[in-house]
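In what follows, a single structure is set out as structure tokens and then discussed.
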Amino acid sequence: MQLNENQVLVRESARRFAEERIAPIAAEIDEEGRFPVDLMKELGEIGFLGITVPEQWGGAGLDTVSYALIIEEIAKVCGSTALGVAAHNSLGCMPLLLFGSEEQKKEWLPKAASGELLVSYGLTEPEAGSDAGGTKTTAVLDGDQWVINGTKSWITNSNHAGLYVLTALTDPEKKTRGGITAFLVPRGTPGFEVGKKEDKMGMRGSDTAQLLMTDVRVPKENILGTVGDGFRQFMKILDGGRISIAALALGLAQGAHDYSVNYAKEREAFGKPISGFQAIQWMIADAETQIHAARELILESARLKDAQEPYGHVSAMAKLFASEIAMKVTNNAIQVLGGYGYCRDYPVERMYRDAKLCTIGEGTSEIQRIVISRHVLDQ
């Protein structure tokens, strides 16, 4: 796909920021499991926390293609930071933008787009992961307030968010067919707590924790959209979110590939650079081919979304393919570096650990295959 001039400039801006501000501390973020608070503030200042939010709500007003390019460039140097940015933009801002009332948009979107606050998205539960319709969290209307009880799991940016968009069961008999509703819950609401931070294999600088709700009361005005529309809303949000996770996976693959290629040119064995050996050349060729194919799928899904054409099945293909080739490319990058690749002194080890989440988050590879096959069989 041919990028326009503005998209090229956006990519260059993101690349420059990633290389100058994020890359020098990426290993430190991972090692310490530290959420990059200062970086997130800077990202808000340059418009990367409201990428597709229209300018009238304080956002950058960019298209989805530009959004994918930004996430890829950040992920090339730091998966954790890219995930924080992606989750806030796709899962935080988009529900407000697509389904929020004018009052909700006015109150929350400018703050979210500027980085004044982060927005977290609460769908997954201890017993409702891939089966998102198995939501156990409940919301019961009591006068002019909803009373929410339940637990959400694996919530990104949870300890640093100022607003949470989450689902609850409002009609147990209807479930996914009108029984699940989305709510806005501000941080500090009585009865609302953030649980223990998860200690993860990868994406260690991304903040992940449970949300615990005991008799949390929110006014009726805090419903997102209409009662019973939550499941449909969140499925639509996930369609778009998969583009950003695919771009994140692509960035990890590209970053590991670039590093391994440069290493292969410099590392010598048996009297010549290892890039001269066919075994290495084939790994490089496979990675280059897979990365190129993944990028085209991602950009096509983003283009379709921008054109307001059906794109859910394409974003599922992009997410499936990009996440799985990220595992292959980062694995081979470690192989090219040999023993050095297995050490934390070199970034490919971190990229390999980070890539694994991309095959799980926002729908596992198996769920993507279900989405894709249903689309094909329904034609």
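Here, each number is a calculation from the coordinates, and none is a lab measurement. Since the structure is predicted, the reported quantities are computational estimates derived from the model, not experimental observations. When we count neighbours, we look across all protein chains shown, and the Cβ atoms used for this are built from the backbone with ideal geometry, even at glycine.
Karplus couplings for region 125-141 from phi (6.51 cos²θ - 1.76 cosθ + 1.60, θ = phi - 60°), rounded to Hz, Gly and Pro as x?
10, x, 10, 9, x, 4, 8, 5, x, x, 3, 9, 4, 10, 9, 10, 6
What is the angle, in °, between the Cα long axis of helix 347-358 and the longest principal axis of the Cα atoms in the chain? Nearest 10 is fine, range 0 to 90.
40
Using only the alpha-carbon atoms of region 5-118 as identical scatterers, what base-10 log of I(q)/I(0) does the Debye formula give at q = 0.17, 0.23 Å⁻¹?
These q points yield log10 I(q)/I(0) values of -0.76, -1.26.
Taking N as the number of residues in region 206-273, what is its alpha-carbon radius of gyration divided by 2.2 N^0.38 Å?
Values: Rg = 23.2 Å, N = 68, 2.2 N^0.38 = 10.9 Å.
Normalised by 2.2 N^0.38 Å, the Cα Rg of region 206-273 equals 2.13.
Given C-alpha coordinates of region 232-378, what is the ratio Rg to Rh with the Kirkwood estimate of Rh?
Numbers: Rg = 17.0 Å, Rh = 15.9 Å.
Taking Rh as the inverse mean 1/r over Cα pairs, Rg/Rh reads 1.07.
Enumerate the whole-percent occupancy of each 20 Å bin, from 0 to the last occupied one, for all C-alpha pair distances of the chain.
Whole-percent P(r) values from 0 Å outward: 30, 57, 13, 1, 0.
Can you work out the Karplus-derived ³J(HN,Hα) for every residue in region 144-158? Use 6.51 cos²θ - 1.76 cosθ + 1.60 with θ = phi - 60°, whole Hz, and x for glycine or proline.
9, 10, 9, 10, 10, 9, x, 9, 10, 10, 6, 8, 6, 6, 4
Would you mind listing how long region 158-293 runs along its three principal axes, going by Cα atoms, in whole Å with the largest first?
Rounded to whole Å, the extents work out to 72, 30, 21 Å.
Hey, fewest Cβ within 10 Å first, where do Leu248, Leu238 land in order?
Numbers: Leu248 33, Leu238 23.
Ranking Leu248, Leu238 by Cβ neighbours within 10 Å, fewest first, gives Leu238, Leu248.
Okay, helix-only estimate at 222 nm for the chain: each DSSP H run of n ≥ 4 adds -39500 (n - 2.57), divide by all residues, round to 500 deg cm²/dmol; what do you get?
Values: 12 runs with 186 residues, N = 379.
The per-residue figure over the chain is -16000 deg cm²/dmol.
Give the residue list of chymotrypsin sites (Phe, Trp or Tyr not before Pro) in region 194-274 that are DSSP loop and have at most 15 other beta-carbon atoms within 10 angstrom. Please list the in-between numbers first.
Values: sites: Phe231, Phe234, Tyr259, Tyr263, Phe270; in loops: Phe270.
Within region 194-274, the qualifying chymotrypsin sites (Phe, Trp or Tyr not before Pro) (loop, at most 15 other Cβ atoms within 10 Å) are Phe270.
For region 120-228, what's the radius of gyration and Dmax over Cα atoms, in angstrom?
Cα radius of gyration and Dmax of region 120-228 are 13.5, 45 Å respectively.
With each label point set 7 Å from Cα along the Cα-Cβ vector, what nm distance links Ser101 and Gln56?
It is 1.8 nm.
Tell me the relative contact order for region 5-118 as a rounded percent, counting alpha carbon contacts under 8 Å between residues six or more apart. Don't skip to the end; give the middle numbers.
On the way: 140 pairs, mean separation 37.3, N = 114.
Computed over region 5-118, the figure is 33 percent.
Taking the Cα-to-Cβ direction at Asp142 and at Gln281 and moving 7 Å from each Cα, how far apart do the two end points lie in nm?
Between Asp142 and Gln281, the simple spin-label model gives 7.2 nm.
His375 to Met201: extension gain in nm, 0.36 nm per residue of separation minus the Cα-Cα distance? Write down the numbers at each step before the final one.
On the way: separation 174, 0.36 × 174 = 62.64 nm, distance 3.34 nm.
Answer, rounded to one decimal: 59.3 nm.
Highest mean first, what order results for 21-32, 80-91, 134-145, 115-126 on Cβ atoms within 10 Å?
Numbers: 21-32: 17.2, 80-91: 27.6, 134-145: 15.5, 115-126: 22.5.
Those peptides, ordered most packed to least, come out 80-91, 115-126, 21-32, 134-145.
Quick one: among Ser114, Ser13, Ser66, which has the greatest mean-square fluctuation in a GNM of the chain with alpha-carbon springs under 10 angstrom?
Ser13
Which ³J(HN,Hα) values, rounded to whole Hz and listed in residue order, are derived for region 42-58 from phi using the Karplus coefficients 6.51, -1.76 and 1.60 in 6.51 cos²θ - 1.76 cosθ + 1.60 with θ = phi - 60°, glycine and proline given as x?
5, 4, x, 5, 9, x, 8, 10, x, 4, 9, 6, x, 4, 5, 9, x
For Ser153, what residues show an amide H to amide H distance below 5 Å, using hydrogens built from the backbone and excluding near sequence neighbours?
Distant-sequence amide H within range of Ser153: Thr124, Glu125, Leu211.
Counting only residues 5 or more places away or on other chains, whose amide H sits under 5 Å from the amide H of Met203 once H atoms are built in the peptide plane?
Sorted by chain and number, the residues that satisfy this are Asp354.
What are the residues whose amide H is under 5 Å from the amide H of Lys136, where those residues sit 5 or more places off or on another chain and H is modelled from the backbone?
Amide H neighbours of Lys136, under 5 Å, 5+ apart: none.
Can you give the angle from 0 to 90° between the axis of helix 230-266 and the longest principal axis of the chain, with both taken from C-alpha atoms, to the nearest 10?
So the helix axis and the longest Cα principal axis differ by about 20 degrees.
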